[in-house]
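Structure first, commentary second.
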């Protein structure tokens, strides 16, 4: 029997999102660009997961979460299209950085994406807690 409530999962995922954003600063300071992209994606993924749980939506994959997030929050205008595009871009870049050989991101890409990743987590946090 599961002893955790949906609220427990929501709080846990939002906390993980915030912690992961903090990790990114360390990765940037150490010029670990691919790992920084990975962590940006995961920070946003955790936040999106919290939002989906808040609305009673279960998914079993990263693609499923991305699809439901787009369908229920981007296409309906609850979250801006720009933030939706950002999440999709992070998803694609994370795939490329994690699974393609001889592929490296650069400082410019990471520094462009980091503020928007923080914005997406902040926006979702407001929606979930508001």
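Nothing in this text is a laboratory measurement; each read-out follows from the coordinates by a stated rule. What you see is a predicted model, and the numbers here were worked out from it, not measured in a lab. In this analysis, Cβ positions are derived from the backbone assuming ideal geometry, glycine residues included, and neighbour counts consider all displayed protein chains.
Couple of notes before you dig in:
- Filter result for residue 8 (over 30 Å from residue 103 (Cα atoms) and assigned to a helix (DSSP H, G or I)): yes
- Residue in region 91-103 that is closer than 21 Å to residue 127 by Cβ and touching a helix residue (DSSP H, G or I) at 6+ places or on another chain (Cβ under 8 Å) present: yes
- When 35, 109 are checked against the criterion of being touching a helix residue (DSSP H, G or I) at 6+ places or on another chain (Cβ under 6 Å) and either surrounded by 21 or more Cβ atoms within 10 Å (Cβ to Cβ) or part of a helix (DSSP H, G or I) (or both), a single residue qualifies: 35.
- Taking the listed residues 92, 58, the one that is surrounded by fewer than 17 Cβ atoms within 10 Å (Cβ to Cβ), out of contact with any strand residue (DSSP E or B) (no Cβ under 7 Å at 6 or more places or on another chain) and within 22 Å of residue 129 (Cα to Cα) is 58, with no other qualifying.
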